[in-house]
1. Tell me whether the stretch 142-158 contains one or more residues that are touching a residue at least 60 places away in the same chain (Cβ under 8 Å), more than 15 Å from residue 39 (Cα to Cα) and among the hydroxyl-bearing types (Ser, Thr, Tyr).
2. Of all residues in the stretch 164-205, which are over 17 Å from the mean Cα position of the chain (by Cα) and small (Gly, Ala, Ser)?
3. What's the total number of residues in the stretch 145-181 that are of a type in the set (S, T, N, Q) and surrounded by fewer than 16 Cβ atoms within 10 Å (Cβ to Cβ)?
4. Would you check which residues across the stretch 182-208 are over 28 Å from residue 167 (Cβ atoms) and surrounded by 21 or more Cβ atoms within 10 Å (Cβ to Cβ) and list them?
5. Quick check on residue 143: is it at pLDDT below 85, in a strand (DSSP E or B) and of a type in the set (S, T, N, Q)?
6. Looking at the structure I just gave you, is residue 180 under 19 Å from residue 53 (Cα atoms) and either of a type outside the set (Gly, Ala, Ser) or at pLDDT 85 or above (or both)?
7. Being among the acidic types (Asp, Glu) and not in a strand (DSSP E or B) is the filter here; which residues of the stretch 94-119 pass it?
8. Being at pLDDT below 95, assigned to a loop (DSSP other than H, G, I, E, B) and either among the charged types (D, E, K, R) or under 28 Å from residue 32 (Cβ atoms) (or both) narrows it down to one residue among 122, 56; which is it?
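The values are calculated or read from the model by the stated rules, or taken from the named source; none is laboratory data. If you're wondering where the values come from, they're calculated on a predicted model, not measured in any experiment. Counting neighbours? That spans all protein chains shown, and the Cβs are built from the backbone with ideal geometry, glycine included.
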Amino acid sequence: MNRLTLATAILTLVALLAVASPAAAEFKANNKATEGSADFQILIEGTGTPIDCGDTETSHLKWQIKKEAKSVEKGPELGLKFSSWGKCVVEYKEGEKTVTATLTGGECQWEAKETGSEREVTNKIASACKLKGEIAKKSCEVTLEPKSNEKLSSLTLIDSGEKNENLAINLGMKNVTVGVVGGGCEAAGIKPTSTGEITGAIEALSITAEVAVPGFSVYYVTSNTMTAVGQKRTVGVINNGAGAAPGMKLLEAGNSPWFNVTSQTVAACQGGFLNTGASCQMTVEFKMASSNIKRLYIQIWEGGVVTSEVPIFAIS
């Protein structure tokens, strides 16, 4: 790709200051609907060559709340229905040359279930997800089968949106079984595995989950495609917990400075602990285009020790 796709700008912070709730949690639509739209950025890893999905122009995902197999406005099950995975990018080497190829994926469904008030929920692949294409003039097919991926964890549920009106779902699924067939896959270095990982994030719009109150939540969120040098996006966090919260700092994974981050706001985040109700904003400026997969991270730190490192932007 010749542009940097910001498919889902989500601050996926683990609830460090969570407060337990005795009630069973449920998913709830904020607009009296039983289904709605979602954005996603998914990276399949552990397959030799990673596969990056979530092109905003060609991918389509809907959420659907269920209870006892019926569509409802409030219920314990969340269906994630992919009508299209869009264009999934594969980058591999032919000698010294870097080659970019695409796989396309059709319909499949995931199902998440919330049985308590946990922010981490289990997820199963309910119908086969298939990515197909031609690489080096040979066929390539990558498959996630339901039978071998019935119970995957974890999905982490995080409040998002300016008023916490959306649900961010952080993907951290391990031991994923990925089937691979075709000479094109072999040419690109894509290999089958039973220890794969699915990372990235989903932002489900106009839906929330009745889960433990997080220590942090998103203060401001954008979902855009950053295509021009000089574009800026602002992201912030707010401390919803009781008492002072751990400090934060922004960093970038990778070797090149793809972004500028406003120094004053980052310093404000680093300079002390956030008190209850306090917020910290960071402005990120896009510097240059790249076809490489990159992630922008926030570190949570306490007493000079990093306690967590989670993605704020899923970028490809």
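1. Yes.
2. Passing the criteria: 179, 182, 183, 184, 187, 188, 189, 194.
3. From the stretch 145-181, those of a type in the set (S, T, N, Q) are 148-149, 153-154, 156, 160, 164, 166, 170, 175, 177; that's our starting set.
The next check asks that each one be surrounded by fewer than 16 Cβ atoms within 10 Å (Cβ to Cβ); those that pass are 148, 153, 175.
Of the residues in the stretch 145-181, 3 are of a type in the set (S, T, N, Q) and surrounded by fewer than 16 Cβ atoms within 10 Å (Cβ to Cβ).
4. Here is the first cut: in the stretch 182-208, the residues over 28 Å from residue 167 (Cβ atoms) are 182-195.
Of everything in the stretch 182-208, those that are over 28 Å from residue 167 (Cβ atoms) and surrounded by 21 or more Cβ atoms within 10 Å (Cβ to Cβ) turn out to be 184, 185, 188, 190.
5. Details: at pLDDT below 85: no; in a strand (DSSP E or B): yes; of a type in the set (S, T, N, Q): yes.
The answer is no for residue 143.
6. On the way: under 19 Å from residue 53 (Cα atoms): yes; either of a type outside the set (Gly, Ala, Ser) or at pLDDT 85 or above (or both): yes.
Here the answer is yes, as residue 180 does meet what is asked.
7. Applying the first criterion (among the acidic types (Asp, Glu)) to the stretch 94-119 yields 94, 96, 107, 111, 114, 118.
Passing the criteria: 96, 107, 114, 118.
8. Values: 122 fails: assigned to a loop (DSSP other than H, G, I, E, B).
None of the other options fit; the residue is 56.
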